Amino acid sequence: MADTLELLLLAVALAMDCFTVSTVCGVILRRRQWRTILLTAFFFGAFQAFMPYIGWLGTSLFARQLEAYDHWIAFSLLLFLGGKMIRESFLPEERQSFCPTSLRTQLVLAVATSIDALSVGFTISEYGWLMALTAAIIIAVVTFILCMAGLRIGKKFGTQLSGKASILGGVILIGTQLIPLLSGLFG
């Protein structure tokens, strides 16, 4: 029972940056697009589950070396995407290319938000393969649910923000990685 509660709390903690990014994507969407909502939530959930499982498999010298740089990788990816969103918000709408419906954008966001989940795999290294797989599935389901909620919340408020959605979205994307970056540098 304690293990299940710990896994649920871990899953919620891991999913919070996905929830935030999903909310940003929802803000940018102009209309409800169920295919995009489901794919985004699926990719986020899948990558959030895949990374801890890979970390669990790779608890070796390589894993410890990557842990020192994971915050830089995630920050760089989201800084690039957030900066692109902010820059494009000043362009005419027909020239804007950041699009949460793009498969490429969804995959980059899923990878960027799941890199920190890799280190979780190192912390569950004492789990057996079945428990590690169970943890990955719980993380995937929780992330999927929170991303669905984030996309819907973002969509609801996105219509109220209209033209400023991309600026707000870019700032939030960059902001989501400032705390992990600073804690990685000074923590």
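The values are calculated or read from the model by the stated rules, or taken from the named source; none is laboratory data. Everything numeric in this text was worked out from a predicted model, so none of it was measured. Methodologically, a virtual Cβ is constructed for each residue, glycine included, from the backbone with ideal geometry; neighbour enumeration extends over all protein chains shown. All accessible areas refer to the heavy atoms of the entire protein, side chains included, with ligands and DNA or RNA removed. Shrake-Rupley method; radii C 1.70, N 1.55, O 1.52, S 1.80 Å.
Odds and ends about this structure:
- Search result, residues across the range 80-117 that are open to solvent by 20 Å² or more (accessible area, probe 1.4 Å), part of a helix (DSSP H, G or I) and at pLDDT below 80: Phe80, Gly83, Lys84, Ile86, Arg87, Glu93, Glu94, Arg95, Asp116
- Lys156 falls short on exactly one of the conditions (1) at pLDDT 75 or above; (2) over 22 Å from Thr4 (Cβ atoms); (3) surrounded by 15 or more Cβ atoms within 10 Å (Cβ to Cβ), and that condition is (3).
- Of the residues making up the range 40-72, those that are modelled with pLDDT of 70 or more and part of a helix (DSSP H, G or I) number 19.
- Residues satisfying the stated conditions in the range 125-151, i.e. in contact with a Ser or Thr (Cβ under 9 Å, 6 or more places away or on another chain) and either open to solvent by less than 20 Å² (accessible area, probe 1.4 Å) or not in a helix (DSSP H, G or I) (or both): Ser125, Tyr127, Ala132, Thr143, Cys147, Gly150, Leu151
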